[in-house]
Each structure stands twice: as C-alpha cells, then as structure tokens.
Amino acid sequence: MVQFLSSKAQAGYRYAVTSPDGSILVSMRDDINLALSDFVKTGSQYLSNIGAELNPVAVEIEKFLLDSGKRLRPLFAYVGLLSTGKQPTPQIIKAVASLELIHVCALIHDDVMDNSDTRRGAPSIHKIFESLHLEQKLSGSASQFGSASAILMGDLALVWSAQMLHTSGISDQELIGVLPFYDEMRVELMAGQYLDVFEQSLATQSIERSMKVARFKSGKYTIERPLHFGGALGNGSVDLLKTFTEYGIPLGEAFQLRDDMLGVFGNPKETGKPAGDDLREGKRTALIAATFDKANKTQMEVLNEYFGDPNLSNDQISLLQEIIVETGAQSHIESVIKQLAETSLNALTYEGISLEGKQLLQELVHLSTNRKI
C-alpha cells in the first residue's frame, strides 16, 4: 500500500493511495486534481500572455476543469497501474491526469452538438461565450460566436491533453507503451460521438444501435482504454490487459446506461442539468428505445407528441417519465445495468491482478453504476 509522502519530498505531490479517512479513491482524486491544477494554471497563463482577448478563454477553461468532475478516466488509469503491482510517481500521476482533458474536450463539444444550455449546474461554455458576445456588444451572431468559441476550447483541451502527457516526465519506454491506447481512446471517442449524432438523425429507435453508441461514446473511453493506459504504464501482461477489456466493456456500457437514466430521472441539484433534459433534447438512448419498443398505442401517441419538444413543461416531463416507468423500460434498463455490473465483477478472476487493484476495481463498479451525478 502506498503511504503518504511529504509534499516537499515529492515536489508538491501528495501521491498517497490511502487517505486519513480510509477513502482510497478520494486521495487518488486529490493527487489527480493537484496535477491538473498545476498544468492548467501554466497553460492558462500562456494564453493570457498571448493577449488580453484570451483572458476569458483561460479563466473559463480553468474553471470548467477544476471546479468539478469525478475524474473517472484518470482514476481507472491509476487503478490500472496499481493492478500491475507498480506504484505511482509524480510523473505517472501527471500522465494519467492528462486523460481528464480528453473528457473536457468531449463535454464542451457535446454541449454544442446537443445545444445544451447547462453543464454541472452552470451555463455551458458556448452559452458563456454567447453572453460575452452580447455583453461586449460584438458584431455578428452571438450564438455562432459562442459555438465557435466552445469548439476551439474543446480542441484546446484535446491539445493540452497530449501536451500534458508528453511533458509528464515518464520514460520514453513508458510513453511508447501507452501511446497506442491513448490514440485508440481518442479515436473511439470521436467515432462514438459521430455514431450518436447519426443515431439522432435516424427515423427509428433501436436498442442495439443505442448500446453500440454507449459502448463507443462512453464505455471504451471511460473505462477500458484508461485501464489499458494504466496497465501499460505498469508494463502489465497481455492477460491483464485482456482482463481489463472483459471488465471494462460491460462496465462502460453500464456506466452510460446509468447516465441515460440520470438524464431522465436525475435530481437537477445533483446532476447539474434540468429535470428531464434528455426528453426535451429528444436523446435516442437505450432507455428511450426500450420505451418506444414497449409502449402501447395510447402511450405511443403521447411519446410522438412530446418527446423531443424543447418547450416541454414540467407536467409534460412528468407524463413522459410515467410512461417510461409504466412500460417497464426503466426496470428493464436497471436490470441490464445490474447484469453488466455482475459481468464486470466476474471478470476479475485473473490471478495477475494485485490485491489492491482488485479491491479498487470492485469499488469502481459500485461507483460507476450507482451514482447520482
């Protein structure tokens, strides 16, 4: 078990795995947050030095990154490393933390694609810069300015991720080992995002297609590839990486299905999104596909009338939620989440996983599938 080392001894890093209250994952998240804070503050200063016009970009991307976030992708990479029996260094922590910036890119771009006004209980990036355009009385379309700014900031986060990884200080051998998984993670994310965009444009709903979107848009890049990344940092065996796939893919799908449930039934105070936001957006998820598949004629008429209406009232949201429950779609997806979580847990039979890694992987199944945010 990794013990606390002084910040002076580790150049500012408190990279313990065991925290005073016994919460290992909280301590790991603290290590990741410290690495991200150090990096992004330097990056933000660089932007500000280019010109005062970039000050809002520097401020907002730093705030977006540091004010909140579960850090699941770096956490899974961290646990992937620990599963090999290798212990973290400040350089390795910086490398795994770089994965969070890929997620920042995805979130910023996702809000533009979904035309979502809020993220984590605050205005989304494109809405912030739309407001800036109006406040400064700039010429042209405020909406277009906001979207363009958000796209560029998402791109910047993706560039920063690569920069953070390449300047992390890990050895050349370690870097060569992780790059294939890092590249696959980015490509699969973009592929999944396109699959999602394409799915929203089709005339029919499909549970099978929605599950494919869940696998690539969220599952693989949230869990499987970060585990591979961490395993490669620890020079993990082929069998260990295979175990990560058998564990990570079903858990990643369960993670996305929980996300879909929260998009319909989540508490706005916890999710940071308006109640039933996915219903207003008309998001084609496995939950919605199951609802349409199971709906009777009367329910189908209501679904066709209200689903995807951006001006839905709270009463209309409640009506759609009732139909989702009454059709059995909600209970069906809950059952699928449970089955996928069990599949992930059953994959952890490989004897090459360290005891510490196995315990954390088990804990992360619960964290990923029983969350409220």
Subject >> Reference-scaled alpha-carbon Rg (2.2 N^0.38 Å with N residues) for the stretch 230-280 >> reply: 1.69
Original post:
With respect to the cross-link table entries LYS242/LYS358; LYS217/LYS273; LYS86/LYS372; LYS338/LYS358; LYS41/LYS273; LYS212/LYS358, which display a Cα-Cα separation exceeding 23 Å?
Top reply: LYS86/LYS372; LYS41/LYS273; LYS212/LYS358
Subject >> Distance (nanometres) between label positions extended 7 Å along Cα→Cβ at GLU363 and GLU135 >> reply: 4.0
Original post:
What span do the alpha-carbon atoms of the stretch 147-247 cover on each of the three principal axes, reported in whole Å from largest to smallest?
Top reply: 50, 38, 13
**OP:** Note down the relative contact order for the chain as a percent, whole number, built from C-alpha pairs under 8 angstrom at least six residues apart.
**Re:** 17
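Classify the stretch 24-369: rounded, prolate or oblate, from the alpha-carbon gyration tensor (a ≥ b ≥ c, eigenvalue square roots; a/c under 1.5 rounded; otherwise prolate if a/b is larger than b/c)?
Numbers: a/c = 2.21, a/b = 1.14, b/c = 1.94.
Cα axes put the stretch 24-369 in the oblate bin.
Counting only helical runs of four or more DSSP H residues, what would the 222 nm mean residue ellipticity of the chain come to if each run contributes -39,500 (n - 2.57) and the total is spread over all its residues? Kindly include the intermediate steps, with their values, before the conclusion.
Working: 18 runs with 259 residues, N = 373.
The helix-only estimate for the chain comes to -22500 deg cm²/dmol at 222 nm.
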**OP:** Please check which bits of the stretch 152-171 a label hung off GLN45 would reach, taking the label as a point 7 Å along Cα-to-C-beta and the cut-off as backbone N under 19 Å.
**Re:** 160-161, 163-165, 167-169
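As an exercise, identify the trypsin sites (Lys or Arg not before Pro) in the stretch 57-147 lying in DSSP coil whose Cβ has no more than 10 other Cβ atoms within 10 Å. Walk me through the intermediate numbers first.
Values: sites: LYS63, LYS70, ARG71, LYS86, LYS94, ARG119, ARG120, LYS127, LYS137; in loops: LYS70, ARG71, LYS86, ARG120, LYS137.
Sites meeting the loop and neighbour criteria: LYS137.
Please work out how much length the chain gains when fully extended from GLU342 to LEU54, using 0.36 nm per residue of separation minus the C-alpha to C-alpha distance, in nm with one decimal.
Details: separation 288, 0.36 × 288 = 103.68 nm, distance 4.76 nm.
Full extension from GLU342 to LEU54 adds 98.9 nm.
A short reminder: the numbers here are calculations on the coordinates, not readings from a lab. Everything numeric in this text was worked out from a predicted model, so none of it was measured. Here the Cβ is made from the backbone with ideal geometry for all residues, glycine too, and neighbour counts use every protein chain on show.
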